[in-house]
Structure formats: C-alpha cells, structure tokens
Amino acid sequence: MSKGFFIDTTLCTACRGCQVACKQWHDLPAEHTVNTGSFQNPPDLSFDTYKLVRMTEDVIDGRLHWLFFPEQCRHCIEPPCLESAGEPSAIFKDENTGAVLFTANTADLSADDIIGSCPYNIPRKNDAGILAKCDMCNDRVINGLLPACVKTCPTKGIWTSGTGRMKALAEKHLETAKRNSQSRSSGKDSVRVIYLTGFDPSEYHKSTMAGPGLLWHEHQLIMEHEVPHNLFVKLLFHIRMSMMGSKDAREFLKQDISPFKEIFSYILLLHTKSGKSKLFVCQK
C-alpha cells in the first residue's frame, strides 16, 4: 500500500530526535560545523544529512515565535527528479510504498539538472556527483517497521500510514489547531509528506513551499498544453540558471522551441517578473 507522512510542526519541540535517528539508521557520519548563531545544526541538508530540523526566529503579529520545520524529501506523487533523470537505474519509485529512491547510478546523471528540477531543493550531491536524500526508510517500511524518524518522535508529531489515512489525519489535526492559531496544511494532493504549520509556511523556510522547480500551476500548464515533461523540466532549470547569470542558460533560452514557444515565454515572464514564484503547491 502506498505510504504517506503527516508532520504536525505545532507538536515539534526541535529535540532533533528524528534527525539523529535518520543518521543512525542510514549509518551517516556527523558533520563538522561551526557556530552560525543558530541552534539549527548542521546549517543545511547535505549528502550526509537527509533530515534537518530547521529553526527560524520570527516576529509574527507583534510576537516572537520560534518556528520548527523537520525538512525532508516530499516523495512527490509525480516526482520531477524522476522525470528529469529518465533513467530508472538511477532514480525510481517503489510502486508499493511510493518512496522515490536514488541509487549510486545518479553519478552518471547531471546532478545540477536533478537538483534544479526539485521544487523543494532537497537532493544533495557528493564530490563524485552521486545524489542522496531521504528514502522514506523504505527498507524498514517494506519489512513492516516504522521509518526511523516516526519511531523516534516523542510528541507523536510525525505519522505514517496509507496516503488516504494521512490526509484524513491532517484534516483532523488542522481542525484542532485552527482553534488556537493560523494553522494550515500543505501539499496533500501533490506529495506524500503533508505538513501542518501554525503559520504561513513561508515563515518557516524558503523551501517549505514549492520553489522555481516545478510548481503546481506549472504542472497544470504541462497537462493543458501537452508539453513533454523532460523538456519542461530542462526549461525551468535554465530559467533558474539564467536568472543567476549563466550565459549558457541564456543561449539555451534563445533557441526556437516551437510548438511550445508561447507557453514557455509565458512561464519565463512569470519567473523573471517576480524573481521567484509566490504560488503554493497546495495550501489549505
């Protein structure tokens, strides 16, 4: 049965038990870090850190709040990374659990293309160009065990079960949380990891919402205009790189890409006018 996660950030205490459990189960080394002025450690996801509790101090409605967000791969229903790779020996989806899995064969892919296609900026590469990320503890799940992060969470802020049950649980928690805050859930129709946040997701971290990888609105454009998915992913990657000053990306965008030129021009305008998209993948 296809699995899903529900993460209630309103119950997260930033104990980082999930973060440590993930490292222990996958036998990942600790990282050498320095004091950056934040309790968040390490500073970001990496090839050796699949799960990270992000910590943000923010003033909302005149009050100081400490926001915690356990970041991980969302295991998208239609994974852009998988489509961008086009190589099942490198990136594939376990049809029984829904987990999106990377192998060492990602070394043969363009790592930057794969990373650029992810709307949540999750995959990370090592010096050899091999990509890594959360694998949903797929080896545990197929053997009837809970993912390490779920098993370890002391406040029961992380749940996993069938995707249908997770959606229902998200709705139940949302109704309870709404009585005391501005809570909302995100992503329940497009990803397998559903988050409940106490405030606007953008307050937590820039990657809590879909970024300029593949946005929900742009997925709709793909369907409506029958644009080949791989070509679409490649275009968005070059748009991002062009905005960062890449000359090669600018040359790519000058090509005649008929019969999709009109729709591509619209998306290019959408990104260059705003600098970044403000669209949610899905929000309650």
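Counting other beta carbons within 10 Å of each Cβ, put Asp108, Asp8, Asp113 in order, fewest first. Intermediate results must be reported in sequence, preceding the final value.
Working: Asp108 13, Asp8 26, Asp113 17.
Lowest count first: Asp108, Asp113, Asp8.
Could you give the nm distance between label points at Asn96 and Glu57, where each point is 7 Å from its Cα heading toward the beta carbon?
Roughly 4.8 nm, to one decimal.
Rank the residues His26, His75, His65, His32 as a footprinting-exposure proxy: fewest other Cβ atoms within 10 Å of their Cβ go first. Each step should come with its number before you reach the end.
Working: His26 17, His75 26, His65 14, His32 6.
So the ranking, lowest neighbour count to highest, is His32, His65, His26, His75.
Do me a favour and compute the ellipsoid semi-axes for segment 69-127 from its Cα gyration tensor, root of five times each eigenvalue, largest one first, whole Å. Don't skip to the end; give the middle numbers.
On the way: eigenvalues 54, 45, 22 Å².
Gyration-tensor ellipsoid for segment 69-127: 16, 15, 10 Å.
Would you mind estimating how fast segment 36-150 diffuses translationally, via Stokes-Einstein at 25 °C and 0.890 mPa s with the Kirkwood radius over Cα pairs, in µm²/s?
Numbers: Rh = 15.5 Å.
For these conditions, the coefficient is 158 µm²/s.
Ranking Cys76, Cys15 by Cβ neighbours within 10 Å, fewest first, what do you get? Please report the intermediate quantities before stating the final value.
Working: Cys76 27, Cys15 15.
Going from sparsest to densest Cβ surroundings: Cys15, Cys76.
For Ser46, project a label point 7 Å along Cα to C-beta. Then give me every residue of segment 113-151 with its amide nitrogen under 13 Å of that point.
Taking a point 7 Å out along Cα→Cβ of Ser46, the residues of segment 113-151 whose backbone N falls under 13 Å are 124-127.
Readers should treat all values here as calculations from the given coordinates under stated rules, not as data from a laboratory. Bear in mind the structure is a predicted one, so any value in this text is a computation, not a measurement. Neighbour counts are summed over all protein chains in view; Cβ atoms, including those assigned to glycine, are modelled from backbone coordinates with ideal geometry.
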